[in-house]
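Novice: Take a look at the following structure, please.
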Amino acid sequence: MNTNRALIQPPLLTSEKSLKTLVENRTVYSLNHCELNIFETYETSTSVPLQFNDFVVTSMLRGKKVMHLFDDPGFVYLPGETVVIPSNVAMKIDFPEASKNNPTQCLALAIDPKKITDTLHFLNERYPKEGDNQFWQLNYQNYFFYNNIELATTINKLIKECMSVSITKDALADLTLQELLIRIIQTQTATAVSEGSFSQTNNPMNPVIEFIRQNLKEKFSMKLLSEKACMSTTSFYRFFKRELGMTPVEFIINEKIKCAKQLLKNPSMQINEICYLSGFEDCNYFIRLFKKHEGITPKQYQLLYVN
């Protein structure tokens, strides 16, 4: 179970009389530098083709579908998850559970490539990254991730602007598109850190991340961590949050919870022992924090792995 998936507020479904098709019924909202597509499907179907000429950010809003991208195995796509897709990439989609009573709804936000180029140029010029050959860029290999609150909030804002009738909607949408691209890059970085592929880069945060993971029982201070990064405390905090989209404290908590989840897969370990080994000093605090993150208590999580 994972509740670290922030949900996007879905728009109202299309009225039945207005549906043009029951499979990927499409509603389009066009702005100067982006196009919001809302797709709805009301019956089971397989291998439905879809392709966009521009870079696309897709997010599930309702229901379930199975995505087939590149040469990778198909994967289940659920609300709270986002997939980014390069331009002119063909995808095929299965809808194993769609029905009139259980429709799927998904958004696809196509972004003008010039807007992406201009935003990345602005970020690299005004907010250059530390380290050799480190740039703001989209990672097309890291295309699937769970929504965090910041990313979901930004997508919600874009939906609102795209559907707005205000004369300022293009200007507001442009600003939000910049924010969205930053959030995506930060989320991709955080995903790479979680999966271990971030260590293959020469980012100055690598020694800090490795130090945290190897010393979860330490009492970390910003002074200690900033020294590991060879930065001032202020610069380190700002840089860490800009890179990963979260504060060092939030990252440390996430790593402790991640460690606890691994330990909880052993049914013979006691909760208080797991609490200590994952870096928590107070068991009651650990239980409350774990439930806040995962939606269930550590004991309930452990029982999921008992045969």
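The values are calculated or read from the model by the stated rules, or taken from the named source; none is laboratory data. Quick caveat, the model's predicted, so the values are computed rather than measured. Glycine gets a Cβ as well: all are built from the backbone with ideal geometry, and neighbour counts include every protein chain shown.
Novice: Which condition breaks for Phe135 when tested against (1) in contact (Cβ under 8 Å) with a residue 40 or more places away in the chain; (2) in contact with a Lys or Arg (Cβ under 8 Å, 6 or more places away or on another chain)?
Specialist: Result: Phe135 passes all but (1).
Conditions tested, residue by residue: (1) closer than 24 Å to Lys169 by Cβ; (2) touching a strand residue (DSSP E or B) at 6+ places or on another chain (Cβ under 7 Å); (3) of a type in the set (Ser, Thr, Tyr).
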residue: Leu7; (1), (2), (3): yes, no, no
residue: Glu24; (1), (2), (3): no, yes, no
residue: Tyr29; (1), (2), (3): yes, yes, yes
residue: Asn32; (1), (2), (3): yes, no, no
residue: Asn37; (1), (2), (3): yes, yes, no
residue: Thr41; (1), (2), (3): no, yes, yes
residue: Val48; (1), (2), (3): no, yes, no
residue: Ser59; (1), (2), (3): yes, yes, yes
residue: Lys64; (1), (2), (3): no, yes, no
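Novice: One residue is enough: does region 53-66 have a residue meeting the conditions surrounded by 14 or more Cβ atoms within 10 Å (Cβ to Cβ) and hydroxyl-bearing (Ser, Thr, Tyr)?
Specialist: Yes, there is a match, as at least one residue in region 53-66 is surrounded by 14 or more Cβ atoms within 10 Å (Cβ to Cβ) and hydroxyl-bearing (Ser, Thr, Tyr).
Novice: Look through Leu304, Leu224, Leu277 and report the one residue that is of a type in the set (A, V, I, L, M), farther than 30 Å from Leu181 by Cα and in contact with a Leu (Cβ under 8 Å, 6 or more places away or on another chain).
Specialist: Leu277 is the lone residue from the list that is of a type in the set (A, V, I, L, M), farther than 30 Å from Leu181 by Cα and in contact with a Leu (Cβ under 8 Å, 6 or more places away or on another chain).
Matching residues to (1) at pLDDT below 90; (2) farther than 27 Å from Leu151 by Cβ:
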residue	(1), (2)
Asn206	yes, no
Ile212	no, no
Glu218	yes, yes
Leu224	no, yes
Met231	yes, no
Ile252	no, no
Pro267	yes, yes
Asn272	no, yes
Tyr276	no, yes
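Novice: Out of Lys160, Lys129, which single residue is in the same structural domain as Gln188 (by TED's automatic domain parsing), within 26 Å of Met60 (Cβ to Cβ), out of contact with any Ser or Thr (no Cβ under 8 Å at 6 or more places or on another chain) and of a type in the set (D, E, K, R)?
Specialist: Lys160
Novice: Name every residue in region 213-235 that is among the basic types (Lys, Arg) and in contact with a helix residue (DSSP H, G or I) (Cβ under 9 Å, 6 or more places away or on another chain), in order of residue number.
Specialist: Arg213, Lys217, Lys223, Lys228
Novice: Does region 27-47 include one or more residues that are of a type outside the set (Phe, Trp, Tyr), under 30 Å from Lys291 (Cα atoms) and not assigned by TED's automatic domain parsing to the domain that holds Leu264?
Specialist: Scanning region 27-47, I find no residue that is of a type outside the set (Phe, Trp, Tyr), under 30 Å from Lys291 (Cα atoms) and not assigned by TED's automatic domain parsing to the domain that holds Leu264, so the answer is no.
Novice: Arg26 fails exactly one of the following numbered conditions: (1) crowded, with 21+ Cβ neighbours inside 10 Å; (2) assigned to a strand (DSSP E or B). What is the number of that condition?
Specialist: Every listed condition holds for Arg26 apart from (1).
Novice: Kindly indicate which of Phe286, Phe211 is farther than 19 Å from Glu130 by Cβ and not charged (D, E, K, R).
Specialist: Phe286
Novice: Being touching a residue at least 12 places away in the same chain (Cβ under 8 Å), surrounded by fewer than 19 Cβ atoms within 10 Å (Cβ to Cβ) and either over 14 Å from the mean Cα position of the chain (by Cα) or not in a loop (DSSP other than H, G, I, E, B) (or both) is the filter here; which residues of region 70-80 pass it?
Specialist: Across region 70-80, the qualifying residues are Phe70, Gly74, Phe75, Val76.
Novice: Name the residue that is farthest from the chain's Cα centre (by Cα), counting only residues in region 81-116 that are assigned to a strand (DSSP E or B) and among the polar types (S, T, N, Q).
Specialist: Checking each candidate, the answer is Thr104.
Novice: Check region 221-231 and report whether any residue there is small (Gly, Ala, Ser) and either in the same structural domain as Phe135 (by TED's automatic domain parsing) or under 30 Å from Val57 (Cα atoms) (or both).
Specialist: no
Novice: Out of all the residues in region 282-304, which are at pLDDT below 90 and over 23 Å from Tyr146 (Cα atoms)?
Specialist: The one that is at pLDDT below 90 and over 23 Å from Tyr146 (Cα atoms): Leu303.
Novice: Only residues that are over 18 Å from Leu61 (Cα atoms) and exposed (fewer than 14 other Cβ atoms within 10 Å of the Cβ): list them for region 88-126, please.
Specialist: Asn88, Ala90, Pro113, Lys114, Thr117, His121, Phe122, Glu125, Arg126
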